[in-house]
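What follows is a short report on a single structure.
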Amino acid sequence: MKVLEERIREEGLILSDTVLKVDSFLNHQVDTQLALQIGEEFGRIFGHLPVTKVLTVEASGIQFAMAAGIALGVPFIYAKKKKAVTQSEGVYSAPVHSFTRQEDYRISISRKYLGPGDKVLIVDDFLATGAALAGLADIVNESGAELLGVGCVIEKSFQEGRSLLEARGIAVHALARISSMSPGEIHFIGNPDT
Ligand code: G4P
Ligand code: NA
Ligand code: NA
């Protein structure tokens, strides 16, 4: 997605070879028009599929799941994060290991809002190690719903997220795919989707 790549080039802060800060327009302050355009792009990519729910994890996936839900005309659900303690009744939950924070947590959603018969699109801001997205895929499986695909705003292709998900048979689409970066320099992979 050209407009997104340009924005990343203009405003992204590359903190190291692996961490990109996009706080000015994506995941702290949010450019609302851009977020809606991102939703339309997901609508274009996934609109031929019979999606019934969009699923993400709090916090910074929410605005893009909402935008995709608007474009597809379906609700979105955000999984809540909790310290890795006991599982409670009435929820689907899955453990996640955060590599960046070196801690474990659980994500959960109410059983009321997902079940057999649902067809799910997972959306998130970053595809990095894929740990949170794999946890969401586990929740979809547990619910008996069908996972139709994963859409990410920014993929860091040099991390293992895509291969982790594809190894599970999940179709992954990203709107901006970074092949490599270092302070002052960023390279994108030409994107067949956008
Ligand atoms: P993930 O690929 O499954 O998201 O797991 P990982 O442990 O690699 O990433 C941990 C958190 O850091 C995630 O947010 C992820 O979106 C975010 N992240 C990963 N790489 C980058 C990056 O280069 N830049 C930025 N800005 N964020 C990155 P989270 O823990 O789910 O928190 P939240 O921000 O959604 O609340
Ligand atoms: Na996120
Ligand atoms: Na994040």
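None of the figures in this text is laboratory data; all of them are computed from the coordinates on show. In this text, all values refer to a predicted model and were calculated from it rather than measured experimentally. All Cβ positions, glycine included, derive from the backbone under ideal geometry; neighbour counts span all protein chains shown.
Below is a table of values for the structure above.
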item: Spin-label pair E58/H28, simplified geometry with 7 Å Cα→Cβ offset, distance in nm; result: 2.1 nm
item: Lysines whose Cα lies under 21 Å from that of K156, excluding same-chain neighbours fewer than 8 positions away; result: K2, K21
item: Exposed-site-free run, longest, the chain (rule: trypsin sites (Lys or Arg not before Pro); DSSP loop; at most 16 other C-beta within 10 Å); result: 1-100
item: Filtered GluC sites (Glu not before Pro), segment 73-171: DSSP coil and at most 11 other beta carbons within 10 Å; result: E89
item: Calculated [θ] (222 nm, deg cm²/dmol) that DSSP helices of n ≥ 4 give over the chain, each run adding -39,500 (n - 2.57); result: -8500 deg cm²/dmol
item: Nitroxide proxy distance, nm - points 7 Å out along Cα→Cβ at E10 and K83; result: 4.3 nm
item: Whole-number percent relative contact order across the chain, with pairs defined as alpha carbons under 8 Å at least 6 apart; result: 20 percent
item: DSSP loop chymotrypsin sites (Phe, Trp or Tyr not before Pro) with at most 16 other Cβ within 10 Å: longest gap in the chain; result: 1-98
item: Charge dipole of segment 109-167 about the Cα centre (unit charges at C-beta), most positive-ward option of L147, P116, L133; result: P116
item: Tail fraction, Cα-Cα pairs, segment 2-188, threshold 23 Å, whole percent; result: 39 percent
